[in-house]
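Undergrad: Next up is a structure, given as C-alpha cells.
The values are calculated or read from the model by the stated rules, or taken from the named source; none is laboratory data. Model, not experiment: these values are computed from the prediction. Cβ atoms come from the backbone with ideal geometry, glycine included; neighbour counts cover every protein chain shown. What goes into the accessible areas is simple: the full protein's heavy atoms, side chains included, and nothing from ligands, DNA or RNA. Shrake-Rupley method; radii C 1.70, N 1.55, O 1.52, S 1.80 Å.
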Amino acid sequence: MTWNIATLIVLGAAVAGGFAWYERSRPGARVLALVAAMAALAVVGRLAFAAFPNVKPTTDIVFFAGYALGGAPGFAVGAITAVASNVFLGQGPWTPWQMIGWGGVGVFGAVIAKVANGRELSRWWLATACGVAGLGYGAFLDVYQTSYTAQPGIDGYWVVAGTSLPYNLAHAAGNVVFCLVIGPAMVRALTRYKRRFEVRWTPPRPAVAAALIGALLVGGLSGGAGEADAAQVSASKAGDRALAYLRGAQNSDGGFGGAEGQSSSQLYSAWAGLGIASAGVNPADVKKGGKSVLSYTRAGARGFTDPGELERTILLAVASGANPRSFGGRDLVKGVISERRSNGSIGGVPALTAFGILALRAAGEDASSSRVRSAASWLARQQNTDGGWGLGPRGGASDVDNTSAVIQAFAAAGRRGSVDVRRAVAFLRKEQNPDGGFGATGGSPSNAQSTAWAVQGALASGMGADSLSKGSRSPTEYIASLQNSDGSIRYSRTSTQTPVWVTGQTLTALERRPFPIARVARRAVAVSAAPAAPASEGRPRERRRREKRATREAVSVESARGPASAPDR
C-alpha cells in the first residue's frame, strides 16, 4: 500500500469519525440550521476572497463556530466548508485534508472556549487564537504537500514548510485582521443564539427573552387592598381558563406541541406540565389516551443531552411526585452535577447555573451544601453593575429573564434578603413598561413570557405579585389582558406564537408560583384532557376556587413530608 493511499484511508476514517461524533450529539433542528448557515458563510468568505492568496475569513468563521457551538458542530462546519467550497474551486486529493484541517480548527475553537471557562475573551486574545489556528491549518496542509513531493519524509516536510511559510503567515495575519474587525461581535451573536435554544427555561426567540420579570418589580404600590384583590381575582379567572386550554391542547401521546394540534416536544411538554403543576394539578393526572405528560417526558429522558433539559425535567418530576434520581432510566440529578465546573457554575452560563440550583434544591439538596453555595457564589460574582444578569458572565447586557431566574435561585439558596437580590429587584423596577408588562430588554415591547418571569422573580424576592405596578395595570393584569377566547395566552399584542408554551409559562405567574414547585398531591380520579366547561355551564367558579385552595393545602402537607419539597418561601 502506498503512502498516499494509506493517508487517504486514515483521513476518510477521521472524516467519518468526525461526522459520527456530530451525529451522536443529536443536534436539534436549530443546531442543524446554524451549522448550515455558518458553513455557507465560510464558503462565501472563501470564494469572495479567492483573488487574495491565503487571506480569507474562512478559518475565522470555522473557529468562531467551534468556539460558540462546541467541538462537534465546529468540526461539521469546517468539514462541510471544505467540500462545499471545492465544488467551485475544484475537488481533488486535497479535499479530505482540507476537511480535516478546517474541522480541526472548529475543534480548536471549542478547546479555547473550554480553557476560557465561561469568560469572554478580549478582542486581542481572540485574534491571537485565530492566528494560531491559521498557522496550525497551514502546517497540517504542508503534510499534504509533502506527501506528493519527490522527497516525502521529515526533510521534505521542512522544505515544503519553508516554501509555504509566506503563504501561511499571510493566512495567519489575515485571520488576525478579520477577527479584530468581526470576531467579538460574531462570537457574541452565535453564543447568544445558542443559549437561546439551549437554555430551555427562556424562549429561544430574540424578542422573547425578558418581559415577565419586570412587571412585578417596577414602580410603587398600585393602589389599595381593593385593587390588589381585584387583580388577584382577575388573575385567578385567567388561570382557570389557561389551565382548561392546556388540558384541551394535550396530544394522544400525553405530550404537548407548541400549539394545539402540533406534534409533541419535550420542551413544550415540560413547560406545559410545570404550568399545570403550578395550578395545583398533578401532571401525572392530566392524561389523554391513557398517557400523561409525565409519562411522555419519562419516555424521552434517555435522550436528554444538555443541562437545561435535565434541570427542567427535575422540576417537573419533583412537582409530579416522581423520583428525579431514577426517571426513565436516568439519574437526572447526577447528570446535572456532572455538568458543574470547578468554579461552581454550570456551563459558565447564569441561567443554567440558576436552574441548576433550583433543580438541586427541588431534588432535596440542602441550601448549605457545597454545590449550592459554590453555584450561588459564582452567580453573585457575575452580577452586572446595573444589578442584573445577562446570557453570559459578568459584563454582558442584563435582561429581565436571566435576572429573575437568578433571584429565584438565590431565594432557593437561602439568599433572599441579600444585597444582590435587592440590587436585582431595583434593576427589574427600571425595566417595567407603562403597560405593566416587561420586554426582553430595556425599552423593548412587553411580552407575556418575560412578564411572567418578572412576577416569579418578585415573588421569590418576598414581594407580592401585584404590590408593584406601573401605570394602572399590574403585571398579572397585563398577562390576563393577553388571554384569547379559548383560554390561551398571546405572546404579545402582535404575536400569537407557540400558545402552549406561552400559556404554560405564564400560568405559573397567574398562579403566583415561583420555582421550584413543591410536590402536588395526586387526585383519586385522573383529570380529563377535555377542555373544562364554562362556569355558567359547569360548577360555579367559587366552588372551583375552594377546591383549588384545598388541593394546595394538601400540597403543602405532602411537600413537608419528603426531601422533594421546595425551599421555604
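Undergrad: Quick one: 3J(HN,Hα) in Hz for segment 442-454, Karplus 6.51/-1.76/1.60 with θ = phi - 60°, rounded, Gly and Pro as x.
TA: Ordered by residue, 3J(HN,Hα) equals x, x, 7, x, 5, 9, 5, 5, 5, 5, 5, 4, 4 Hz.
Undergrad: Taking a 1.4 Å probe, which of R381, R123 shows the most accessible area, and what order do the others take after it?
TA: Solvent-accessible surface, decreasing: R381, R123.
Undergrad: Roughly what would the spin-label model give for V10 and V419, points 7 Å off Cα along C-beta, in nm?
TA: 5.9 nm
Undergrad: Continuing with the same structure: Rounded to the nearest 10 Å², what accessible area does S495 show when all protein chains are kept and the probe is 1.4 Å?
TA: Here the residue's solvent-accessible area equals roughly 30 Å².
Undergrad: Separate question: If you count only protein heavy atoms and use a 1.4 Å probe, how large is the accessible surface of T498, to the nearest 10 Å²?
TA: The accessible area comes out at roughly 30 Å².
Undergrad: On to the next question. What are the ³J(HN,Hα) couplings of segment 78-83, residue after residue, when phi is run through the Karplus curve with 6.51, -1.76, 1.60 and θ = phi - 60°? Round to Hz, x for glycine and proline.
TA: x, 5, 5, 4, 5, 5
Undergrad: Can you give me the solvent accessible area of D386 with a 1.4 Å probe, rounded to the nearest 10 Å²?
TA: 60 Å²
Undergrad: Please give the contour-minus-distance gain from I154 to T494: 0.36 nm per residue of separation, less the Cα-Cα distance, rounded to one decimal in nm.
TA: Contour length minus the Cα-Cα distance gives 115.8 nm.
Undergrad: On a 1.4 Å probe surface of the protein chains, which of F52, F19 comes out largest in accessible area, and what is the full order?
TA: From most accessible down to least: F52, F19.
Undergrad: Also, quick follow-up: With an 8 Å Cα cut-off and a minimum separation of 6 or more residues, compute the relative contact order for segment 313-452 in percent.
TA: Relative contact order of segment 313-452: 17 percent.
Undergrad: Out of residues 5 or more away from F327 or on other chains, whose amide H comes under 5 Å of its own, with H placed 1.01 Å from N in the peptide plane?
TA: L332
Undergrad: Related question: So the label point goes 7 Å from the Cα of A36 along Cα→C-beta, right? Which residues of segment 56-86 then have their backbone N under 18 Å from it?
TA: 73-85
Undergrad: Arrange the residues V520, V132, V107 by how much accessible surface each exposes, largest first, with a 1.4 angstrom probe.
TA: Result, largest first: V132, V107, V520.
Undergrad: For segment 248-260, just list the computed ³J(HN,Hα) in residue order, Karplus coefficients 6.51, -1.76 and 1.60, θ = phi - 60°, integers in Hz, with x standing in for Gly and Pro.
TA: x, 8, 5, 8, 5, 8, x, x, 9, x, x, 9, 4
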